[in-house]
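No lab work stands behind these numbers, since they all come straight from the coordinates. Predicted model only: the values in this text are computed from it and were never measured. Every residue, glycine as well, gets a Cβ built from its backbone with ideal geometry; the counts of neighbours run over all protein chains shown.
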Amino acid sequence: MKIPNRVRLRHIRCFLSVAEHGSVTKAAAALNTVQPALSRTLRELEAELGQPLFERTAKGLVPTQAGETLRRHALTGMSQIERGIQLASGDEQQHTVSVGMLPNVSRTLVPKAVSRFKEIAPDIDVRLYWANVAEIVDRLRQGDIDCMVGRLPSLEHMAGVSFEHLYSEPLIFVARKGHPLADVPNLTLDDIDRGLVIVPQPNTIIRRELGKFTTGRGLAEFSNKIETVSFEFTRAFLAAQDAVACMPLGSVRQELADGRLVVLDIHGEELTGSVGLSFMTGRDLSPAAAQLVEVLREEARAYA
């Protein structure tokens, strides 16, 4: 099918801006135009396609099914156009999308999303930063990265940062198969505190979530513990020792699936956290970055 003769690049730019901001007024400001002109351009595009592309909701303008289909494909196309303009103008610098990731998504969501993204945008480099939340948020504020993927940051890190929820993920207590506590029902913190426990380092998101859980049950600290956010170390240590570890589910999905680790029977609502995307408020994403973000959203549905 040919592209309708009257559809121009300006129609696509306006459409994508409205889809991103959820508002004609905000989209017009971002494009340095006026609302009536953008509204007219959007009406032209809808007339050419023969159906509405947005519906009004309490949260603003949301793409219809047709609008969502157009948005996904248009993001890919705009990314390729941007790259083509770079090359045609003699700018040989490779375009890069930079993402900060927290440990709980480094083995699950991010690898799958990046793999898909590289299939559709092989000429776009992806730069991944792995660090604690404070360092990644600093990079986000400085413009070194486009977005952060991981658990909801603490309040002290949220100044100027917006968060988009993708799915919920629990912290779980795990041990090797055959551990003395592996098949014990209705475990308590006292049961776990009798042995060696691996917990996240202080001042991390997951340590604070764990702290709410333990404090609410009368335990200030585990008596015998190792503190680390190196899940590689923790997985290796658990394989050979009768220790228990508190870790995000995403960090041990593979080991749980193949039976090397088991989930202990101790749970709590305080251990469930939100996993999503963090952005600098008011900073527009490049078409390539917006495309990767969309792939992250799509891949996240598998964990919702």
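Summary table
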{"item": "Point-charge dipole on Cβ atoms (K/R +1, D/E -1) for region 115-176, about Cα centre, debye to 20", "result": "240"}
{"item": "Relative contact order [Cα under 8 Å, 6+ residues apart], region 165-265, whole percent", "result": "50"}
{"item": "Which of Ser106, Gly143, Ile124, positive extreme of dipole for region 91-154 (C-beta unit charges)", "result": "Ser106"}
{"item": "Å³ per residue enclosed by the Cα convex hull of region 157-290", "result": "130"}
{"item": "In degrees, nearest ten, helix 205-215 long axis to first principal axis of the chain (Cα)", "result": "40"}
{"item": "Reported label for calculated Cα extents along the principal axes in Å given (1) 72, 43, 37; (2) 53, 49, 30; (3) 76, 59, 41", "result": "(1)"}
{"item": "Mean Cα-pair separation over length for the chain, i.e. relative contact order, pairs under 8 Å, 6 or more apart, %", "result": "23"}
{"item": "Debye, to nearest 20: dipole size of region 191-304, +1 on Lys, Arg Cβ, -1 on Asp, Glu Cβ", "result": "180"}
{"item": "Counting DSSP beta bridges with both ends in region 172-304, the antiparallel % (nearest 5)", "result": "55"}
{"item": "For region 9-88: relative contact order, % (alpha-carbon pairs under 8 angstrom, 6 or more apart)", "result": "27"}
{"item": "Neighbourhood charge, 11 Å Cβ-Cβ cut-off, centred on Leu53 and excluding it, Lys, Arg +1 and Asp, Glu -1", "result": "-2"}
{"item": "Given charges at beta-carbon only (K, R positive; D, E negative), |dipole| of the chain in Debye", "result": "880"}
{"item": "Antiparallel content of DSSP bridges confined to the chain, in %, to 5", "result": "65"}
{"item": "Residues Met148, Met158, Met101, sorted so that the one with the fewest Cβ neighbours within 10 Å comes first", "result": "Met158, Met101, Met148"}
{"item": "Charge-dipole axis of region 9-88 as Lys and Arg at +1 and Asp and Glu at -1 on Cβ define it, positive-most pick from Ala29, Thr57, Gly67", "result": "Ala29"}
